1. Run a plain Debye calculation on the stretch 389-539 (Cα atoms as equal point scatterers, no solvent) and give log10 I(q)/I(0) at q = 0.09, 0.18, 0.21 Å⁻¹, rounded to two decimals, same order as the q list.
2. Over the stretch 398-438, what is the relative contact order in whole percent, taking alpha-carbon pairs under 8 Å and six or more residues apart?
3. Using 23 Å as the Cα-Cα cut-off, could you pick out the over-long pairs in 266/295; 235/266; 124/302; 235/295?
4. So how do 116-123, 361-368, 254-261 stack up, highest first, on mean other-Cβ count within 10 Å?
5. Evaluate the relative contact order of the stretch 276-369 (contact order divided by residue number), counting alpha-carbon pairs under 8 angstrom at least 6 apart; express in whole percent.
6. Let me know the charge dipole size of the stretch 276-369 about its Cα centre in debye, to the nearest 20, where only the beta-carbon of Lys, Arg (+1) and Asp, Glu (-1) is charged.
7. Pop the C-beta distance of residue 393 and residue 158 into the FRET formula with R0 = 51 Å and round what comes out to the nearest 0.05.
8. Return the long-range amide H neighbours of residue 347 (sequence gap of 5 or more, or a different chain), with a cut-off of under 5 Å between placed amide H atoms.
Amino acid sequence: MFALRRGTYGKMSTLVIPALLAVLLSACGPSTTVTPTAAPAAASEPTALPEPTAVPPSPTPDSLVSKIDDVEQAVIYLEVDGGIVEFGETTASSSAGSGSGFIIDPSGIAVTNNHVVTGAATIKAHIGGTSKDAEGVDVRVLAVSECSDLAVIQLVGDGPYPYLEWYEGEVKNLLDVVAFGFPLFAESIDTTRGSITQLNVDGQSNWASLSSVLEHDARTNPGSSGGPLVTEDGKVVGVNYAGDSKTNQYFAIGGDEVRDLIEQLKQGEDDTSLGLNGEAFVDEDISGIWVRSIKPGSPASKAGVKPGDVITSMYSTPMGEDGTMEKYCQVLRSHPGEAVNLEVVRLSTNERLEGEINSENAGLAVVETLEAPVEEPDPAAATSDYSEYQTITHDTGAISVDVPVEWTVVSTDGTWSFNEEEIGVELGAAVSNEGFQDWTQPGVYIAVSRSLGETTTPDQLLDNYQFTDTCTSNAREDYDDNVYTGRYDYWSACDGKTTELYVVAFTPADTSFLGVLQVQVVGEADQVALERIIKSFQAKGDF
């Protein structure tokens, strides 16, 4: 019998699973950035994206966003596919990732993060807070700055587009700001209010090297990367790029710091870039820059660097020993466009390679086959994509959802009870009961009730699913997947692990019933499964 961590409502007689769900991360992180995970396919260099367009025409005043209520019209949801080898994997992912961006010119020029787009096989933009299920606009990358984690992109479509302007005033502590973006694979745009809490924060991280960034407390999640941080009158203060929900610290690349750089990128001129999407790491046996993806035709590509490689040394300088990109970016800034020697460890073949980049002799050669396998970095959430999905349906036909075939513990005849009274039906699946209970394995649980729809609000239902003794509580948010609306809670660091728990209370437009959807996320593959669950679950019929 499957025993679920439950709220006050109900004791499931057959299956039960922990609470969780919402509209998900990517990591951009890794996963916790929202990031796609590796699929069982050979790693390959992504197809080259179209070349940049010419310099755009001057802005037209009529498409300028001038008030906060209209900002979302200039915010874009970016859907990226393929070409990514996630941290600790050796094969490329075919899964979709996501990020945010915002338009800065009516011709369709927009800003996002380098880590969102570089090396992706395809990029689609959904404009103005529209659902990602709507037809998107093709995107091409004009130029990037790896070390500043910025990219300027061009929407391939008909303008003029609504666009945002930069904030011209002095950025001070306590300045009121609003963060816009698409967190957690959200179906609709998310906005959160806060204020600037600190200026000139150290900008060294494992994927960027900035002299300073802005700290604020307007909550963002993976997937919000690249979205704008704006003032109350809709002017851009910065570009969201990182955050930590456990400490309520969120960071944006300040507009004052990068406006000149963005003008350079608009002309198609890369800055401090070799054409890779990288991430610094420190492991027990190896440290360096993990290469997530490569831009075709770039210096890194021409030198033979591949996704999944680890750059351990450049210009005879060890990389990533402090877990940041600082040394990598120091080399690029000190030797722009110059020939640089480098050393690479290729985990897929267990080889060490040496060579040059940015020279006529650019290339890598194997200098050693490592006798003992180099242990691959093992991030807490690293898993492969699930092989396939199946639809499970309650015996009454009232609930159905797509789940990975690897979630083999399934209950399709559950009854939702409260105070010994049956109030509805419930459906669930997980890898195992034990793993689900000790927060080490994923699962899903759905229950629906018509009687609760008459007496209980989504907030009241969520109040009965609290995990404050085990997990870190994060802000409660509105939920809308274009079929159901409601509220959701996001729980993190469950049982001291990286496990996340999402709990959604949902109702249809006619409020004829109330339901709860719970998903437990342990690895990056579960983030992809979460998106599939959100898109596929439905309740209908008599229950």
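1. Treating every Cα as an identical point scatterer, log10 I(q)/I(0) equals -0.26, -1.12, -1.52.
2. In percent, rounded to a whole number, it is 41.
3. Checking Cα-Cα distances, 124/302; 235/295 exceed 23 Å.
4. So the peptides 116-123, 361-368, 254-261, ranked by packing, come out 116-123, 254-261, 361-368.
5. Worked out over the stretch 276-369, it gives 24 percent.
6. 460
7. Efficiency, rounded to the nearest 0.05: 0.70.
8. Amide H neighbours of residue 347: 310.
Coordinate-derived values only; no laboratory data. What you see is a predicted model; the values in this text were computed from it and never measured. Every residue, glycine as well, gets a Cβ built from its backbone with ideal geometry; the counts of neighbours run over all protein chains shown.
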